[in-house]
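Structure, as structure tokens:
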Amino acid sequence: MRVLISGASIAGPVLAFWLARSGADVTVVERAPAMRKAGGHAVDLFRPAMEISERMGVLPGIMAHATGTTLLTVHRPWSSRPARIDYLKLVGAVSDRRVEIMRDDLSEIYHDATRDDVEFRFGDQITEITDDGDVSFRHGPTQRFDVVVGADGLHSGVRRLVFGDDVTEHFLGGYLSVLSVPKSFARKGEMTGYFEPRRVAMVYTADHLEDARAAFLFRPQRPLDYDHRDGNRQREQLHTAFSGMSAEVDSWLGEADDTPAFYFDAITQLEMSTWSRGRVTLVGDAGYCPGPAVGGSTTLAVYGAYVLAGELARSPGDPATAYARYEGRMRRPVSGSRTLARAVAKTVVPKSRWGVRALVGAGRAISILPLPLTQAVMRLNDKGVRLYDSLPLPDYEKSPGTVAAPGDST
């Protein structure tokens, strides 16, 4: 089975790893000229993604690159005393098994685990896909593949080519921006945040990084006149949203024009009636983005890539059957992640001073209460913040051609 994957960030390399392990001939094409080594923001891996990474043999490397954040310090304009929240207890209430890692570190780890068994083609992109599986590239000759997978993110080129406008975007009201700043701006083991109604700014780093990352989340009164390709305009919009918040935040903004890495995007969900058409399917944010920074999209991408690879291995030569089972398994996690993201988007960037007080108060309460107690309470809601820890993980490795996961009657 010849497989082409577009996208070498998270879902692409994970999918390539498991497909190559099942004997597929895999090529990954990536528009960027090389793996990104700097920039990106911190992402969470929850229990199922941790277990998948452990099965891949890369978990020690992931843990070695954890951000190591233990304290969240929150500044509010109406209080002279910052609130200090136990960050480990806060995230421990959400998941029994979880790690925070920089996105680009995670991409590199997954790539390194895969590169010896998979062809990576950087600096190229897909320009056309026919019903017969003939794929044209911007650089290089046309080739035929049995399976083509779009793992190329929220603004997926594969989705645009194959599905056109057959996608609904739900804007969740906010925007996320991340930029690289000098490491001296952050404190070891601490995330420093400034919280006001409709806007939150934070800075953090990790021991192994040479820089720090400033992250900005905001909810304007009305949607921005926004183009995800126009970096200069995005910088202007970021300055407009956050200038004057504090002297420290202004110093972070001062790096925006010269930063080696800058990210800005709307927090948007994708909804499609199907992620598959003919030989083509989508995985991760390309097909079912729950919303950057609010819906656990990294864990969902890893989980989806693992499930897709397993189902393709179960039905070699029959992608239609594999895609149907893949979509069937992923509907519940995707639906749950969307619901979770909508709630988180409203909570993490409150619209009012009361909302900020409630958010900080909840963080303080979790810091004070014993972790086993908060975890026990959170476990009562496996469709909310504990969604990812509750996902079953199929074991496709026992017999890829025939294995049925728990609860699967096929």
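The values are calculated or read from the model by the stated rules, or taken from the named source; none is laboratory data. These figures come from a predicted structure and were not determined experimentally. Neighbour counts are summed over all protein chains in view; Cβ atoms, including those assigned to glycine, are modelled from backbone coordinates with ideal geometry.
Show the residue pairs meeting these rules: Cβ distance below 9 Å; 6+ apart or different chains; first residue within region 383-405 and under 16 Å from ALA341 (Cα atoms) and among the basic types (Lys, Arg); second residue at pLDDT 65 or above and outside any loop (DSSP other than H, G, I, E, B).
Within 9 Å, the pairs are LYS383/GLY336; LYS383/THR339; LYS383/LEU340; LYS383/SER390.
Out of the residues in region 225-247 meeting the condition of being at pLDDT below 95 and not in a helix (DSSP H, G or I), tell me which one is surrounded by the most Cβ atoms within 10 Å (Cβ to Cβ).
TYR226
With the condition being under 16 Å from ASP265 (Cβ atoms), I'd like the strands (runs of 3 or more DSSP E) fully within region 146-196 carrying at least 2 qualifying residues.
So the answer is 168-182.
For region 323-343, name all the residues that are among the hydroxyl-bearing types (Ser, Thr, Tyr) and surrounded by fewer than 16 Cβ atoms within 10 Å (Cβ to Cβ).
The answer is SER335, THR339.
If PHE171 passes every condition in (1) in contact (Cβ under 8 Å) with a residue 40 or more places away in the chain; (2) buried (at least 16 other Cβ atoms within 10 Å of the Cβ) but one, which one does it miss?
PHE171 satisfies every listed condition except (2).
What residue, among those in region 128-144 that are assigned to a strand (DSSP E or B) and either in contact (Cβ under 8 Å) with a residue 12 or more places away in the chain or in contact with a Pro (Cβ under 6 Å, 6 or more places away or on another chain) (or both), is surrounded by the most Cβ atoms within 10 Å (Cβ to Cβ)?
Of the residues in region 128-144, the ones assigned to a strand (DSSP E or B) are 128-129, 134-137, 143-144.
Among the residues that remain, those that are also either in contact (Cβ under 8 Å) with a residue 12 or more places away in the chain or in contact with a Pro (Cβ under 6 Å, 6 or more places away or on another chain) (or both) are: 128-129, 135, 137, 143-144.
Details: GLU128: 10, ILE129: 22, VAL135: 25, PHE137: 16, GLN143: 13, ARG144: 12.
My answer is VAL135.
Would you tally the residues in region 363-381 being modelled with pLDDT under 90 and either closer than 20 Å to ALA83 by Cβ or outside any helix (DSSP H, G or I) (or both)? Don't jump to the end; show me each part of the working.
To start, the set of residues in region 363-381 that are modelled with pLDDT under 90 comprises 366-381.
Add one more test, that the residue is either closer than 20 Å to ALA83 by Cβ or outside any helix (DSSP H, G or I) (or both), and what stays is 366-371, 374, 379-381.
So the count comes out to 10.
Filter region 1-57 for residues that are among the aromatic types (Phe, Trp, Tyr) and either more than 14 Å from GLY310 (Cβ to Cβ) or without any contact (Cβ under 8 Å) to a residue 60 or more places away in the chain (or both) and give the result.
PHE46, the sole residue that qualifies.
Taking region 65-105 only, how many residues are under 26 Å from SER352 (Cβ atoms), in contact with a Leu (Cβ under 9 Å, 6 or more places away or on another chain) and surrounded by fewer than 15 Cβ atoms within 10 Å (Cβ to Cβ)?
Qualifying residue count, region 65-105: 1.
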